[in-house]
1. Please work out which residue is surrounded by the fewest Cβ atoms within 10 Å (Cβ to Cβ), limiting yourself to the stretch 83-120 and to residues that are under 19 Å from Arg31 (Cα atoms) and aromatic (Phe, Trp, Tyr).
2. Testing Ile123 on (1) assigned to a loop (DSSP other than H, G, I, E, B); (2) aliphatic (A, V, I, L, M); (3) buried (at least 21 other Cβ atoms within 10 Å of the Cβ), one condition comes back false. Which one is that?
3. Take the residues in the stretch 83-108 that are aliphatic (A, V, I, L, M) and in a helix (DSSP H, G or I), then tell me which one is farthest from Val297 (Cα to Cα).
4. Take Leu229 and tell me if it is aliphatic (A, V, I, L, M), under 23 Å from the mean Cα position of the chain (by Cα) and not in a loop (DSSP other than H, G, I, E, B).
5. Being among the aromatic types (Phe, Trp, Tyr) and surrounded by fewer than 18 Cβ atoms within 10 Å (Cβ to Cβ), is that true of even one residue in the stretch 66-76?
6. Is there any pair with a first residue in the stretch 177-204 that is assigned to a strand (DSSP E or B) and a second that is acidic (Asp, Glu) whose Cβ atoms are under 9 Å apart and which are 6 or more apart or on different chains, and what are they?
7. Would you be able to tell me the number of residues in the stretch 35-77 that are over 13 Å from the mean Cα position of the chain (by Cα), of a type in the set (S, T, N, Q) and within 15 Å of Leu89 (Cα to Cα)?
8. With out of contact with any Ser or Thr (no Cβ under 9 Å at 6 or more places or on another chain), assigned to a helix (DSSP H, G or I), modelled with pLDDT of 90 or more and surrounded by 24 or more Cβ atoms within 10 Å (Cβ to Cβ) as the only criterion, which of Leu129, Leu80, Leu159 stands out?
Amino acid sequence: MDTLSLSVNAVSYTVAADVAPTDDPFSGPIRDIAPWNFTVLAVLMFVVTSLSLSENFLVMFVTFKFKQLRQPLNYIIVNLAIADFLVSLTGGLISFLTNARGYFFLGRWACVLEGFAVTFFGIVALWSLAILSFERFFVICRPLGNFRLQAKHASLGLLFVWSFSFIWTFPPVLGWNRYTVSKIGTTCEPDWYSTNMKDHSYIITFFSTCFILPLGLIFFCYGKLLQKLRKVSHGRLATARKPERQVTRMVVVMIVAFMVGWTPYAAFSILVTAHPTIELDPRMASIPAFFSKTATVYNPVIYVFMNKQFRKCLIQLFGIGNIHDSDLNRTSERPGITAESQTGEMSAIAARIPLSGTGSARSDDSPTDCGSFAQLPIPENKVCPM
């Protein structure tokens, strides 16, 4: 809805006027798309964006509040929350505004910036999932023996994620492919429909480095992780069977969520790259991008809110209900923090698995790979020290 200025008898009036449908998505709604379609998309994007911003902000806030959560194994999870937050702040918010207007009223340069920002932060989030799988494989399987994952190693992982993502999402700004408006005319993305071979080469490279490669890493790492736990649980380690079941469920959920969020987008890019002249309903063409944006909502639920350690800190922060005595690390029973409370569930599982995979399991009170950190005292009334 735009405004129209009229002057009658030297008196000016400003009235609302509908923007006429056009073939230019920067000047008006696309022809043959009923206005209610944009209203539905605007409502959906408002819900998704609101949930994503609130969830991911909560993850960052709780991690900032409790120093116990600021450990190397959690760096990549916080990085995932930051990337998802930025995807929603740029792509989600702009998509809500443009769908509310029915077209991309912000202009061509804003389209380039929005397309780059959403793609860049989206790939950062996607590669964060891949690095997270590698770090969990590293902690559980210990391919380098007793070599510990420290802050500097986790920081290098973050540096790789942001640098690698930038390398493969910035070229369209420089002319290798381009960021342009989507078929429905309210969002911006790489030009999947170009018939230029140079543009095709970018799409193929982008698909390989930003979908096939991280997906392969996720399958390899989680496959090795499950293989390790299964081997241990079939041996003399009865204590490893419960962690194996827990991790198996977690891995299945993670992989399914990854595939649900990104497979439609990847399949769509392959289809239109292979057949750039294909005629698709603009509303159908917008679905894959919407699916990828919903990942910003369920990522925090899967990777953070389902984490026992984070939930305890969240309960303590907001005072939601009472913390059961069984959840407390009693100093009268144990002299220090347990492996799980100090280093997270992945380290707790790793602590029960011997390096060779055939020895006896460690007890809960035995020293873990965390060294002196496992011996720090903790108040009886505190689950998450600030």
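The values are calculated or read from the model by the stated rules, or taken from the named source; none is laboratory data. Bear in mind that the values here come from a model prediction, so they are computed numbers and not experimental data. Please note: Cβ atoms are built from the backbone with ideal geometry, for glycine as well, and neighbour counts cover all protein chains shown.
1. The selected residue is Phe105.
2. Here Ile123 meets the rest and fails (1).
3. The selected residue is Ala100.
4. No.
5. no
6. What qualifies is Tyr179/Glu114; Tyr179/Glu189; Tyr179/Asp191; Thr180/Glu189; Thr180/Asp191; Val181/Glu189; Cys188/Glu114; Pro190/Asp199.
7. Residues that pass the stated criteria total 3.
8. That would be Leu129, the only listed residue that is out of contact with any Ser or Thr (no Cβ under 9 Å at 6 or more places or on another chain), assigned to a helix (DSSP H, G or I), modelled with pLDDT of 90 or more and surrounded by 24 or more Cβ atoms within 10 Å (Cβ to Cβ).
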